[in-house]
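Peer 1: Attaching a single structure in structure tokens format; questions to follow.
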Amino acid sequence: MSFNVSVLKKDFPLLSREENGEPLIYLDSAATSQKPQKVLDVIDSYYREINANVHRGAYRLAEQATTAMEEAREKVSSFIKSDRSEEIIFTKNATESMNLVARSWGESNLNEGDVVLVSSLEHHANIVPWHQLAESRGIEVRWIPLTESGLFDLTDLDRLLDGVKLVAVSGASNVLGTVPPVRMLADAAHNVGALCLVDASQYVPHRPTDLAELGCDFLAFTGHKMCGPTGIGVLWGRSELLESMPAFLGGGEMILDVTKEGFTTNTIPWKFEAGTPPIAEIVGLGAAVDYLESVGMENVLDHEKTLTSYALQTLSDRFGNDLIIHGPNDVSVRGGVLSMCYQDVHPHDVSQILDSHGVCVRAGHHCAKPLMKLLDVNATVRASLYLYNDESDVDALADALEATGQFFSP
Amino acid sequence: MSGLEDLYREIILDHYRNPRNQGELETPPAVMAEGFNPLCGDEVTVHIHVEDGVIVDMKFGGHGCSISLASASMMTTVTTGKSLSEAKDIIYSFKQMMSIHEGRLEEGSEETDSPMAGLGDLQALQGVVKFPVRIKCATLGWNTLEQCFEELASQ
Ligand SMILES: Cc1ncc(COP(=O)(O)O)c(C=O)c1O
């Protein structure tokens, strides 16, 4: 399939919605992506045609539902180039994936004084679980600093790694777009006997993912940012680690046997999937993977790079110093997330005026308050690009920003 | 422009561009409270100086969006010079206005017996109700003023 945005936009029913007679300009895919018709159809036909509880019934319908769910696991597995689909654990979202690692691996492997090394640009989902371990087990949370342009400052990496048991970093930032050198960090972690977790929530949806290239031990991501439904996330982990970790939640599905005295756990991945899973959402995620693969993740990446360059150039040409875009300039180390401050207009006010022009962007701290503090702002306006955006969306953003300036100028 | 002019009335933009009573007062004799909107990280401070049960001076500070700044600025102009109980009545009416359902707003906003009667310029802020996420911005300064009253009462 060749990449043609104007054709591809038509795959997403919501993008044909109009606001005040104008097409809706959706620039908030870092928060959640829109869904292609195919994903909606697959979820709909799952409920109409094969809905039954999984892994439990001997009747054919239940077997079909189980097969549909396990096929989706295979699809997700091959999407990130894992050769063992039992290493794919379905969770509710990326947040739960990281909490699973913190609670299961962290509680049983980390002790007082052990260090979890995170970066200064992390999402709260990759901060708070470690803060919780600091409270419950006395671990230390240490921070990789950032350079002026929002890259990881690794000049002191050796010192930072002292005492570290886990390096937990974003694959791509949801605020600055920064794509850090994950492979290098994973290797450095392994050299000191630590593990590496990647919060790939903003990575997997936007570029080809190859676990062997990343070199990490855990990878967390979330279905709703990659054209899939809400309520489904993924944790990938190395099988020998997952096997050695205690179960996270207890209940049905995750056990081999239960007696009055105790229980034995099921094998992976089911050991970590207690209770009835979100079957329709899993099947929907499988359809999202099919969709992204039919477009081609290389194509998605190329498109977003070109569009991000266009956006950076257009915005700086049109607004110069009136518009600050945080994060790196170089599209080889950043994704299509643009966090902006416009003159001294508050981000709430900017997004309100943009909304009146049909442009959807996010204003706020983007669940990254330590980063906001570092940038010395309370909030930013964030526009984020995805496969269905094109230059006309960027132009609409720029026009609406210009109108914002006029609206608030004395 | 989908109701934008309801939100950003001219008088609101005027208070935003030229905020009244911005700054601080010396404590004591003044009392101070800090308000915080966890949704957007906005912060506001309110200082009041009360003599014989009358608010003789009030200043606000901090940073926030146009709605929160304008609302705080307007609050200082209408409550300074008022007795504590008069100020509490104004706060009550203002909060009533902020909690009115959008539907009722369209029907009966001009009625004299509505809770907005007597709010004067503050009525310009009633359009905020159409933008529910912004209500917290509009009430931030007012909640902080109430905290000042609590601070006073505890002294
Ligand atoms: C970098 C990053 N990590 C984690 C998350 C959390 O995703 P979810 O809310 O789906 O768990 C997000 C999205 O909000 C994100 O952008």
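The values are calculated or read from the model by the stated rules, or taken from the named source; none is laboratory data. Bear in mind the structure is a predicted one, so any value in this text is a computation, not a measurement. Cβ coordinates were reconstructed from backbone atoms using ideal geometry, including for glycine residues, and neighbour counts include every protein chain displayed.
Peer 1: Return a yes/no flag: does segment B:51-58 have any residue that is buried (at least 20 other Cβ atoms within 10 Å of the Cβ), within 14 Å of chain A (Cβ to nearest Cβ) and either part of a strand (DSSP E or B) or of a type outside the set (S, T, N, Q) (or both). Quick ask: steps written out before the conclusion?
Peer 2: Taking segment B:51-58 and keeping what is buried (at least 20 other Cβ atoms within 10 Å of the Cβ), we get B:55, B:58.
With within 14 Å of chain A (Cβ to nearest Cβ) added as a condition, the list becomes none.
Scanning segment B:51-58, I find no residue that is buried (at least 20 other Cβ atoms within 10 Å of the Cβ), within 14 Å of chain A (Cβ to nearest Cβ) and either part of a strand (DSSP E or B) or of a type outside the set (S, T, N, Q) (or both), so the answer is no.
Peer 1: Now, a different point. Go through segment A:345-361 and report how many residues are assigned to a strand (DSSP E or B) and in contact with a helix residue (DSSP H, G or I) (Cβ under 7 Å, 6 or more places away or on another chain).
Peer 2: Adding up the residues that qualify gives 2.
Peer 1: Just to verify a result, which residue in segment A:190-212, among those that are free of Cβ contacts under 8 Å to residues at least 40 places away in the same chain and assigned to a helix (DSSP H, G or I), is surrounded by the fewest Cβ atoms within 10 Å (Cβ to Cβ)?
Peer 2: Step by step, filter segment A:190-212, then rank; the result is A:ASN191.
Peer 1: With away from chain A (no Cβ under 14 Å), farther than 15 Å from B:ALA138 by Cα, crowded, with 17+ Cβ neighbours inside 10 Å and in contact with a strand residue (DSSP E or B) (Cβ under 7 Å, 6 or more places away or on another chain) as the only criterion, which of B:THR45, B:THR76, B:THR80 stands out?
Peer 2: Working: B:THR45 fails: farther than 15 Å from B:ALA138 by Cα; B:THR76 fails: farther than 15 Å from B:ALA138 by Cα.
Every option except B:THR80 fails the conditions.
Peer 1: May I ask you to say which residue of A:VAL359, A:VAL333 is within 13 Å of chain B (Cβ to nearest Cβ) and modelled with pLDDT of 95 or more?
Peer 2: So the residue among A:VAL359, A:VAL333 that is within 13 Å of chain B (Cβ to nearest Cβ) and modelled with pLDDT of 95 or more is A:VAL359.
Peer 1: Name the single residue, out of those in segment A:125-142 being more than 16 Å from the ligand (Cβ to nearest atom) and in a helix (DSSP H, G or I), that is farthest from the other protein chains (Cβ to nearest Cβ).
Peer 2: Going through the qualifying residues, I end up with A:ARG137.
Peer 1: When you check A:THR264 against the structure, is it of a type in the set (S, T, N, Q), within 16 Å of the ligand (Cβ to nearest atom) and either more than 14 Å from chain B (Cβ to nearest Cβ) or not in a helix (DSSP H, G or I) (or both), yes or no?
Peer 2: Criteria not met by A:THR264.
Peer 1: Consider A:GLU122 against the criteria (1) part of a helix (DSSP H, G or I); (2) within 16 Å of the ligand (Cβ to nearest atom): it satisfies all of them except one. Which criterion is unmet?
Peer 2: (1)
Peer 1: What number of residues within segment A:213-240 are assigned to a strand (DSSP E or B) and either more than 9 Å from the ligand (Cβ to nearest atom) or not hydroxyl-bearing (Ser, Thr, Tyr) (or both)?
Peer 2: 9
Peer 1: Among the residues of segment B:9-58, which ones are at pLDDT below 90, among the hydrophobic types (A, V, I, L, M, F, W, C) and out of contact with any Phe, Trp or Tyr (no Cβ under 8 Å at 6 or more places or on another chain)?
Peer 2: Selection gives B:ILE11, B:ILE12, B:PHE36, B:LEU39, B:CYS40.
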